[in-house]
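> First, the structure itself, so that you have it in front of you.
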Amino acid sequence: MSDRLKIGISIGDVNGIGLEVIIKTLMDSRILEYFTPIVYGNTKVTSFHRKALGINDFSFQVIDTPEQANDKRPNLINCWQEDVQINLGEENEIGGKYAFLSLKHATDDLLEGKLDALVTAPINKHNIQQEGFSFPGHTEYLQSRTQSGDVLMFMVSDDLRVGVVTGHVPVKDIAAGISEAGIVAKLKLMNESLKKDFWVEKPKIAVLGLNPHAGDHGLIGTEDGEIVTPAVERAKQEGVFCFGPYAADGFFAEDTYTKFDAVLAMYHDQGLIPFKHIASRSGVNYTAGLPIVRTSPDHGTGYDIAGKNVASEASFREAIFAAVHIVQRRREQEVLLENPLVARRLARDRD
């Protein structure tokens with residue numbers, strides 16, 4: 001058996017751009033030098049997308065199990081046999097049904113140790129709701145399947161890393177979801193992930209305020225003074241090198257983020273809007289805190305451009321390589337922990 005990393009790929013909504021960015025990524029044969037891709041979908045569905053894109057010089061090696069994967073080819077496992085009616089750009093039950101079948105099969109193999117990591121193409125959080133999937137998104141589904149405690153939605157790129165305290169919740173519920181203990185827990189997860197998954201030896205983390213101007217000394221809400229600031233101080237006492245709260249607008253506008261290894265935002269849009277602007281289509285969504293490695297591109301289903309051959313594969317490609325690098329770092333760290341003499345030598349060499 002090959003010791004090359006096997007990366008499982010779920011196809012997302014069959015009516016979206018998931019298979020387009022997957023195929024475009026895997027068309028570059030140089031990528032096979034780094035890992036073995038295994039796509040969870042269906043041959044007829046992938047052929048439909050390939051023809052819609054006008055791509056004639058690409059095909060998958062069809063296999064039944066990850067153990068049969070061909071290291072020199074993109075591989076595909078059929079997760080269903082029936083014909084599927086594809087309507088590119090349309091949100092419907094079919095898109096959700098088969099997105100879940102792909103995700104479930106890939107997750108099953110991941111949890112059985114047959115895959116080294118999972119990269120998920122975009123789903124529609126509404127139409128995927130069905131028996132077996134009643135979650136706000138991938139993050140919560142995988143948290144449940146792995147029986148994990150707290151996890152962190154961690155958006156990462158070469159220039160910026162952003163995590164959020166509250167994820168996919170309505171704006172009206174954000175303040176109620178902010179607590180000192182919750183912020184401290186996310187800071188600890190972020191700190192641990194930076195060390196273990198990104199090899200940042202002494203992470204420096206910025207914390208954003210909840211309210212405009214971080215509350216402006218209580219004039220615009222009291223949460224920043226009563227909750228966020230005490231959380232930052234408590235996290236410091238517990239070994240996290242963190243600072244804040246910072247007013248979010250000036251923090252990004254003045255490039256203050258460049259002075260930190262990561263940023264903890266209080267809610268989804270506060271962190272993801274500047275992240276997606278700065279990352280410029282190369283960002284990756286990583287779920288920190290899971291025992292397994294899962295990444296995804298930082299975009300959605302792209303119904304409006306599905307089948308038009310204009311979707312960029314940049315973020316999906318970055319998601320795959322992020323998964324590969326995180327797995328490698330985790331494994332190397334395990335080796336170093338088992339060999340303290342080697343670890344000390346490497347630390348001395350870095351100094």
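> Considering only helices (runs of 4 or more DSSP H) fully contained in the range 9-113, which possess at least 1 residues that are free of Cβ contacts under 8 Å to residues at least 24 places away in the same chain?
Result: 43-52, 93-111.
> For the range 151-184, enumerate the residues that are part of a helix (DSSP H, G or I) and either touching a strand residue (DSSP E or B) at 6+ places or on another chain (Cβ under 9 Å) or of a type outside the set (Gly, Ala, Ser) (or both).
Hits for the range 151-184 are Val171, Lys172, Asp173, Glu180, Ile183, Val184.
> Do any helices (runs of 4 or more DSSP H) entirely within the range 219-284 hold 2 or more residues that are among the basic types (Lys, Arg), modelled with pLDDT of 95 or more and out of contact with any Gly (no Cβ under 6 Å at 6 or more places or on another chain), and if so, which?
By residue number, 229-237.
> Which of the following residues is in contact with a Cys (Cβ under 9 Å, 6 or more places away or on another chain), surrounded by 22 or more Cβ atoms within 10 Å (Cβ to Cβ), farther than 30 Å from Glu20 by Cβ and of a type outside the set (Asp, Glu): Ala235, Ala262?
Ala235
> Which residue is farthest from Thr166 (Cα to Cα), if the candidates are limited to the range 272-287 and must be crowded, with 24+ Cβ neighbours inside 10 Å and not aliphatic (A, V, I, L, M)?
Across the range 272-287, the extreme among qualifying residues is Gly283.
> Quick check on my filter: what residues within the range 28-38 are of a type in the set (A, V, I, L, M, F, W, C) and more than 18 Å from Gly12 (Cβ to Cβ)?
Initially, the range 28-38 is screened for residues of a type in the set (A, V, I, L, M, F, W, C), giving 31-32, 35, 38.
Selection gives Ile31, Leu32, Phe35.
> Restricting to the range 130-140, give me the number of residues that are in contact (Cβ under 8 Å) with a residue 12 or more places away in the chain and touching a helix residue (DSSP H, G or I) at 6+ places or on another chain (Cβ under 7 Å).
3
Let's see how each residue does on (1) closer than 30 Å to Glu332 by Cα; (2) β-branched (Val, Ile, Thr); (3) assigned by TED's automatic domain parsing to the domain that holds Leu336; (4) in contact with a helix residue (DSSP H, G or I) (Cβ under 8 Å, 6 or more places away or on another chain):
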{"residue": "Asp173", "(1), (2), (3), (4)": "no, no, no, no"}
{"residue": "Ser179", "(1), (2), (3), (4)": "no, no, no, yes"}
{"residue": "Lys196", "(1), (2), (3), (4)": "yes, no, no, yes"}
{"residue": "Pro203", "(1), (2), (3), (4)": "yes, no, no, yes"}
{"residue": "Arg234", "(1), (2), (3), (4)": "no, no, no, yes"}
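> Please verify whether Leu19 is under 24 Å from Val310 (Cα atoms), surrounded by 14 or more Cβ atoms within 10 Å (Cβ to Cβ) and in contact with a His (Cβ under 6 Å, 6 or more places away or on another chain), treating the condition exactly as stated.
yes
> Of all residues in the range 288-313, how many are surrounded by 17 or more Cβ atoms within 10 Å (Cβ to Cβ) and either assigned to a loop (DSSP other than H, G, I, E, B) or modelled with pLDDT under 95 (or both)?
So the count comes out to 13.
> Then there's this: Only residues in the range 323-339 that are among the charged types (D, E, K, R) count as the first member; pair them with residues that are outside any helix (DSSP H, G or I), Cβ under 8 angstrom, at least 6 apart or cross-chain, and list the lot.
Arg329/Asp197; Arg329/Phe198; Arg329/Trp199; Arg330/Asp197; Arg330/Val293
> Continuing with this model, one more query. Determine which member of the set Ser29, Ser47, Ser10 is out of contact with any Pro (no Cβ under 7 Å at 6 or more places or on another chain), closer than 26 Å to Ile292 by Cβ and not hydrophobic (A, V, I, L, M, F, W, C).
Just a single option satisfies the conditions, and that option is Ser10.
> Moving to a separate point now. Restricted to the range 186-207, and to residues that are more than 14 Å from Phe243 (Cα to Cα) and of a type in the set (A, V, I, L, M, F, W, C), which residue is surrounded by the fewest Cβ atoms within 10 Å (Cβ to Cβ)?
Trp199
> Within the range 55-85, how many residues are among the β-branched types (Val, Ile, Thr) and either over 16 Å from Asp109 (Cβ atoms) or outside the structural domain of Asp116 (by TED's automatic domain parsing) (or both)?
The first filter runs over the range 55-85 and keeps only residues among the β-branched types (Val, Ile, Thr), leaving 55, 62-63, 65, 77, 84.
Add one more test, that the residue is either over 16 Å from Asp109 (Cβ atoms) or outside the structural domain of Asp116 (by TED's automatic domain parsing) (or both), and what stays is 55, 84.
So the count comes out to 2.
The values are calculated or read from the model by the stated rules, or taken from the named source; none is laboratory data. These numbers come from a predicted model, not from an experiment. When we count neighbours, we look across all protein chains shown, and the Cβ atoms used for this are built from the backbone with ideal geometry, even at glycine.
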